[in-house]
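S.K.: One structure coming up, written as structure tokens, with questions to follow.
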Amino acid sequence: MRRLCVFCGANPGVLPAYTDSARALGRALVSHGCGLVYGGGSRGMMGAVADAVLDAGGEAIGIVPGGLFSEGHVHHGLTELKHVETLAERKAWMVQLSDGFVILPGGVGTLDELFDVWASTQLGLQSLPIGLLNVAGYFDSLTVFLGRAVSQGFVRPGHRDLVVVESDPEVLTHRLLARAKARS
């Protein structure tokens, strides 16, 4: 696996555990020889994961749509920074450059990105591994909801199982790498 795409918040959240886990994920990516593709921000969860990757000597590629960030929020120390016009174009580039996905805590945009790549996988449009890093129980309610969606017949168990959920960045990275290897 060459690169993992990380979807996460541009804000740090209220718990230090969020940015601590983003940094730990960045270090785990580099230790496994993976580069980072992400949204190009310099602050919050985005900045934490990118800085950790760069500090560990890894590759960090940011994809920034026009007008999303003010100039002060764009990370200019990246290996590569690509400017695009729209959020849809951003997601398309992030998918094209990546071999898998990790979703960290974030807001509506992060959830949109999760469900977009998950639906694409469910429909067979791509087969890249997807992981949720469940920091401090952030995604607990979502996993309960998804279990209900399965029990009520709206999501097949096999489709629910397309997303790996872990609370430890190293364990999640290892599991995604194993899934990618099993598919190749």
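S.K.: State which residue is least open to solvent (accessible area, probe 1.4 Å) when the search covers only the stretch 109-123 and only residues that are touching a helix residue (DSSP H, G or I) at 6+ places or on another chain (Cβ under 7 Å) and not β-branched (V, I, T).
M.R.: It comes out as E113.
S.K.: Could you give every pair whose Cβ atoms fall below 9 Å, whose first residue belongs to the stretch 83-94 and is β-branched (V, I, T), and whose second residue is open to solvent by less than 70 Å² (accessible area, probe 1.4 Å), counting only separations of at least 6 or pairs across chains?
M.R.: These pairs meet every condition: V84/I63; V84/V64; V84/P65; V84/G66; V84/R90; V84/A92; T86/P65; T86/G66.
S.K.: Could you give every pair whose Cβ atoms fall below 7 Å, whose first residue belongs to the stretch 1-17 and is closer than 13 Å to V49 by Cα and small (G, A, S), and whose second residue is in a strand (DSSP E or B) and modelled with pLDDT under 95, counting only separations of at least 6 or pairs across chains?
M.R.: Matching pairs, first to second residue: A10/G41.
S.K.: Further question: When residues of the stretch 128-162 are filtered for being surrounded by fewer than 12 Cβ atoms within 10 Å (Cβ to Cβ) and under 22 Å from S184 (Cβ atoms), how many remain?
M.R.: Total satisfying the criteria: 2.
The values are calculated or read from the model by the stated rules, or taken from the named source; none is laboratory data. What you are looking at is a predicted structure, and each value in this text was computed from that prediction instead of being measured. Cβ coordinates were reconstructed from backbone atoms using ideal geometry, including for glycine residues, and neighbour counts include every protein chain displayed. Keep in mind that these areas ignore ligands, DNA and RNA; they rest on the heavy atoms of the full protein, side chains included. Shrake-Rupley method; radii C 1.70, N 1.55, O 1.52, S 1.80 Å.
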